[in-house]
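The structure appears below as structure tokens.
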Amino acid sequence: MTQLLVLSSDDIARTFTIADAIDAVEDAYVQKAKGTGVAWPMVYEAFTPGEADMDIRSGELAGSGLFGLKLTAWFGANPQRGLPEIFGTVLLCDDRTGEPLALVNGSALTGMRTGAAGALGIAHLARADARTLLVCGAGHQAAFQIAATLILRPEIAKVMVWDPRHATAPLARVEQIGAQVARLLADAGASSETHIEAVADGKAAVGAADAIVTVTPATEPFIEADWVRPGTHLSCVGADMPGKQEIASDLAAAARLFCDDRAQSISSGEFEVPIAHGAFAAERIVEIGEVIAGTAPGRTSESDITVFDTSGIAVQDLASAKTAYDRAIDAGLGTTVNL
Ligand SMILES: NC(=O)c1ccc[n+]([C@@H]2O[C@H](COP(=O)([O-])OP(=O)(O)OC[C@H]3O[C@@H](n4cnc5c(N)ncnc54)[C@H](O)[C@@H]3O)[C@@H](O)[C@H]2O)c1
């Protein structure tokens, strides 16, 4: 009989940290570059546009013996029902037999694996002397981006948080974000003294930053090309659906371009809109796994502007869920269900 291990958010909290997410996502990117990791086309369905939708991201990680999927359901009215807006559920299957192995609370993994992705962009593409990080967006994802970046680039001396929509909102949020960053780091056995501050002048902050993470649902770009200094790196995380765009098309056109998955980046990521408008050719975009694996160049000069678009692919979730699954088996955690 097939035994399926069910892992709850509590099980994830006991078995998985943001440092594990960094290792898992980096491995997934390298497997993708080597051909053992594959992202299959996303399925998206809006039940009621702007109110409720779902997407299924799936793929294979042959190097880890897995295939599977993450189903993300967004129901905007759920908070009024006392429910979370978003449910993420990961299904892991054995790629030799097809047998389902684990059903994992994907919401508990998503922030960590997404923070890992943005931070890996910074780790591999920002200048070695980068010291100032700007995070644009003060929502749920912000702390994960900061914590993962501080693990990979502990020399970052200042973190600024700017909310392009509500310029003064991060003032109230920054303490909360700082506490969450400290918790994520502590869970991973790390700590940081780096100062985190709220900023209201986005243009000035962009001009002062060495590395920038954008993590908002914007559909109108909020970073202009002439705000950005030569040598800056940008990890664009927010655009994960068609129509979203966070940075100006001419900024991307003038930069060296990287992504997690080219097909998804140009169909539903940060580069979808500029490519549709003819700002640059898709052939210019390099997958970051190739940079990490050493088969493609990353930054080539101190003055390059580099842009990494992570629109989020299943192999990130599969690799993360696999780590949690292995740990849970070792620790006897989770609930086994006979299917
Ligand atoms: N790439 C991935 O793998 C991945 C994973 C998870 C979430 N996301 C995306 O990241 C984005 C942020 O997620 P979150 O959970 O932090 O959201 P959130 O709603 O918690 O926070 C969003 C932040 O962006 C600001 N904002 C809202 N609308 C804006 C606009 N039109 N222009 C500029 N700023 C705006 C908000 O004020 C807030 O600071 C979403 O688009 C989400 O879909 C991507």
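Among residues belonging to segment 212-238 that are part of a loop (DSSP other than H, G, I, E, B), among the β-branched types (V, I, T) and under 20 Å from the mean Cα position of the chain (by Cα), point out the one that is surrounded by the fewest Cβ atoms within 10 Å (Cβ to Cβ). Reasoning before the result, please.
Within segment 212-238, the first condition is being part of a loop (DSSP other than H, G, I, E, B), and the residues that meet it are 215-222, 224, 228-232, 237-238.
Imposing the further condition that a residue be among the β-branched types (V, I, T) reduces the set to 215-216, 219, 228, 232, 237.
Subset that is under 20 Å from the mean Cα position of the chain (by Cα): 215-216, 219, 232, 237.
Details: V215: 25, T216: 23, T219: 14, T232: 27, V237: 31.
The extreme case among them is T219.
For A128, are the conditions met, namely being over 13 Å from the mean Cα position of the chain (by Cα) and free of Cβ contacts under 8 Å to residues at least 60 places away in the same chain?
On the way: over 13 Å from the mean Cα position of the chain (by Cα): yes; free of Cβ contacts under 8 Å to residues at least 60 places away in the same chain: yes.
It is true that A128 is over 13 Å from the mean Cα position of the chain (by Cα) and free of Cβ contacts under 8 Å to residues at least 60 places away in the same chain.
Taking first residues from segment 235-253 that are of a type in the set (S, T, Y) and partners that are surrounded by 24 or more Cβ atoms within 10 Å (Cβ to Cβ) and in a loop (DSSP other than H, G, I, E, B), the Cβ contacts under 7 Å between residues at least 6 apart in sequence or on separate chains come to S235/T310. Could you please tell me which pairs satisfy a Cβ distance under 8 Å, a separation of 6+ or placement on different chains, a first residue in segment 320-334 that is within 13 Å of L4 (Cα to Cα) and touching a residue at least 40 places away in the same chain (Cβ under 8 Å), and a second residue that is crowded, with 18+ Cβ neighbours inside 10 Å and basic (K, R)? Going by the 8 Å Cβ cut-off, the qualifying pairs are L333/R327. Here segment 1-46 is the region considered, the condition is being over 15 Å from A108 (Cα atoms) and charged (D, E, K, R), and the residue that is surrounded by the fewest Cβ atoms within 10 Å (Cβ to Cβ) is E45.
For segment 37-52, filtering for residues that are under 21 Å from D260 (Cβ atoms) and of a type in the set (D, E) leaves 0. Checking each residue in segment 241-258 for being at pLDDT below 95 and either farther than 17 Å from V215 by Cβ or among the charged types (D, E, K, R) (or both) picks out only P242. Residues that are more than 17 Å from G207 (Cα to Cα), out of contact with any Leu (no Cβ under 8 Å at 6 or more places or on another chain), within 16 Å of the ligand (Cβ to nearest atom) and small (G, A, S) within segment 123-147 comprise A138, G139, A142, listed in sequence order. Restricting segment 81-122 to residues that are of a type in the set (V, I, T) and surrounded by fewer than 24 Cβ atoms within 10 Å (Cβ to Cβ) leaves a set whose member that is farthest from the ligand (Cβ to nearest atom) is T97. The condition of being within 15 Å of the ligand (Cβ to nearest atom) and of a type in the set (S, T, N, Q) holds for only one of T310, T300, T232, T323, that being T310. Of all residue pairs spaced 6 or more apart or on separate chains, those with beta-carbon atoms under 7 Å, a first member in segment 17-38 that is within 15 Å of E60 (Cβ to Cβ) and a second member that is of a type in the set (S, T, N, Q) and assigned to a loop (DSSP other than H, G, I, E, B) are A33/T295. Beta carbons closer than 6 Å, at least 6 apart along the sequence or on distinct chains, pair a first residue in segment 148-169 that is within 17 Å of G118 (Cα to Cα) with a second that is of a type in the set (G, A, S) and part of a loop (DSSP other than H, G, I, E, B) for L150/S192; I151/A190; V161/A138.
As for segment 148-158, it holds at least one residue that is of a type outside the set (S, T, Y) and touching a Gly at 6+ places or on another chain (Cβ under 7 Å).
Yes/no per residue for (1) surrounded by 19 or more Cβ atoms within 10 Å (Cβ to Cβ); (2) assigned to a loop (DSSP other than H, G, I, E, B):
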{"residue": "E290", "(1), (2)": "no, no"}
{"residue": "G298", "(1), (2)": "yes, yes"}
{"residue": "F308", "(1), (2)": "yes, no"}
{"residue": "Q316", "(1), (2)": "yes, no"}
{"residue": "K322", "(1), (2)": "yes, no"}
{"residue": "A328", "(1), (2)": "yes, no"}
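Checking each residue in segment 170-187 for being of a type in the set (A, V, I, L, M) and free of Cβ contacts under 8 Å to residues at least 60 places away in the same chain picks out L171, A172, V174, I177, A179, V181, A182, A186. A single member of D201, D250 is more than 16 Å from the ligand (Cβ to nearest atom), out of contact with any Leu (no Cβ under 8 Å at 6 or more places or on another chain) and more than 27 Å from A293 (Cα to Cα), and it is D250. Pairs meeting the criteria (first residue in segment 269-290 and away from the ligand (no atom under 16 Å from the Cβ), second residue among the hydroxyl-bearing types (S, T, Y), beta carbons under 8 Å, at least 6 apart or on different chains) are P274/S249; H277/S249; A279/S249.
Considering only residues of segment 181-198 that are aliphatic (A, V, I, L, M) and more than 16 Å from the ligand (Cβ to nearest atom), which is nearest to F16 (Cα to Cα)? Can you show your working first?
Filtering segment 181-198 down to residues aliphatic (A, V, I, L, M) leaves 181-182, 184-186, 188, 190, 196, 198.
Those still in the list that are more than 16 Å from the ligand (Cβ to nearest atom) too: 182, 185-186, 188, 190.
Values: A182: 16, L185: 12, A186: 12, A188: 9, A190: 14 Å.
The qualifying residue nearest to F16 (Cα to Cα) is A188.
No other residue among A239, A209 is within 15 Å of the ligand (Cβ to nearest atom) and touching a strand residue (DSSP E or B) at 6+ places or on another chain (Cβ under 8 Å) apart from A239.
The values are calculated or read from the model by the stated rules, or taken from the named source; none is laboratory data. In this text the structure is predicted, and so the values were computed from the model without any measurement. A quick note on method: Cβ atoms are made from the backbone with ideal geometry, for glycine too, and the neighbour counts reach across all protein chains shown.
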